[in-house]
Amino acid sequence: MIVEFIGCAGAGKTTLRNLICEQGVHDHDVVAMPDLLLQRPLLRRVAHPTAVNVVQEVGGLPFLLRALPGERPFLAFARRTLWRDATSSFDKLNGMRGVARKVGMFHLARTRARDAVVLSDEGTLLSSYNLFVATKKDFGRAELDRFAQLVPMPDHVVYVRAPVESLVERARTRPDPRRQHVGQSAAAIEADVRRTVRLFDLLVEAPPLAGRVSMVESRDLDREGRIRLASEVAEQLRAHAEGRELPSAGSTRDRSLENRV
């Protein structure tokens, strides 16, 4: 089962993923998607984000090529979008590399970890940021519905949200700022954050995601609060993996994880 964490940078996706990997999901093997490659003797010490991406690009390439016939429509959609809207050749090529890496790793996980719960905080759905926000493109529900129809779809999605003010502050103070935020004013960073929030709010409403999404409100939690939140998410993933019906609040989305602490 592939589980993707989506949301703005700084919302807590990676922290939540790591805590669930530490705690586990009862009766199920749990692995972070990059570790499907990195937990090998020669790769265990790879930690730099760029190096991790390169390992995933190389390791996922055979699986991307094998899946190419079925994924050609999505890759063509991504290429058209980037070539039309990205502002530079670098952004076009780098964006397409990111999309290809995510698709390759998705199919690697499908092949190598069929019986495990695979957790990803840089999955196929997150490529929507590179296609629609990083390009400064105006987007609407119709385009995101089309994206959702074509993208390789994870089995379950955890949408991690946080207050805009917190996201902006984290973006401004993080030691490894996103390339799009380098040298940007606070107003420009806030505009990017708000566009990203709008993107994911619309994306989780797309029909192909119906019944797959859990919402998590991640505020400034202490260590104990983060552990408690991870335990609640892990229980939901266990229920989903076992085919049990998730609690509903009268919506096409599962809102049982709206933890407001």
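FYI, it's all coordinate maths here, none of it is from the lab. Note that the structure is predicted; figures quoted are calculated from it, not measured. Note: ideal-geometry Cβ built from the backbone for every residue, glycine included; neighbour counts use all protein chains shown.
Using the C-alpha gyration tensor of the range 29-101, what are the square roots of 5 times its eigenvalues, in whole angstrom, with the largest one first?
Working from the Cα gyration tensor, I get semi-axes of 26, 16, 9 Å.
Pull up all non-local amide H partners of residue 117: gap of 5 or more, or a different chain, and H-to-H distance under 5 Å with H placed in the peptide plane.
Under 5 Å from the amide H of residue 117 lie the amide H atoms of 29, 30, 31, each far enough along the sequence or on another chain.
Sort 71, 4, 235 so that the residue with the fewest other Cβ atoms within 10 Å of its own Cβ comes first and the one with the most comes last.
Working: 71 22, 4 27, 235 14.
Ordered from fewest to most neighbouring Cβ atoms within 10 Å, 71, 4, 235 come out as 235, 71, 4.
Only counting other Cβ atoms within 10 Å, I'd like 21, 8 sorted with the fewest neighbours first. Each step should come with its number before you reach the end.
On the way: 21 17, 8 26.
Sorted ascending by nearby Cβ count, the order is 21, 8.
Pairs of alpha-carbon atoms within less than 8 angstrom and 6+ residues apart define the contacts here; what relative contact order does the chain have, in percent? Walk me through the numbers before you get to the answer.
On the way: 362 pairs, mean separation 75.0, N = 261.
Relative CO of the chain lands at 29 percent.
After finding the eigenvalues of the alpha carbon gyration tensor for the range 111-160, what semi-axes result from the square roots of 5 times each, listed largest first in whole Å? It would help to have the intermediate numbers written out before the result.
Numbers: eigenvalues 122, 28, 17 Å².
Semi-axis lengths for the range 111-160 are 25, 12, 9 Å.
Could you work out how much longer the chain between residue 185 and residue 47 gets when fully extended? Use 0.36 nm per residue separation minus the Cα distance between them, nm to one decimal. Intermediate values should be presented prior to the final figure.
On the way: separation 138, 0.36 × 138 = 49.68 nm, distance 2.98 nm.
Full-extension gain reported as 46.7 nm.
Restricting things to alpha carbons, tell me how big the range 23-66 is in terms of Rg and Dmax, in Å.
12.3, 34
May I ask which residue of 7, 52, 111 lies farthest towards the positive end of the charge dipole of the chain, with charges of +1 (Lys, Arg) and -1 (Asp, Glu) on Cβ and the Cα centre as origin?
Of the options given, the answer is 52.
Restricted to Cα positions, what overall size does the chain have along the principal axes? Three whole-Å values, descending.
Computed over the chain, the largest-to-smallest principal extents equal 46, 42, 39 Å.
Determine how many Å³ per residue the convex hull of the Cα atoms of the range 157-216 encloses.
So the per-residue hull volume is 89 Å³.
Under 18 Å between alpha carbons, and skipping anything fewer than 8 positions from residue 92 in its own chain: which lysines qualify?
Excluding near neighbours in sequence, the set is 102, 136, 137.
Ranked by Cβ crowding within 10 angstrom, fewest neighbours first, how are 240, 48 ordered?
The most exposed by this proxy come first: 48, 240.
Please report the net charge: other residues with Cβ closer than 14 Å to the Cβ of residue 74, K and R +1, D and E -1.
For residues surrounding residue 74, the net value is +3.
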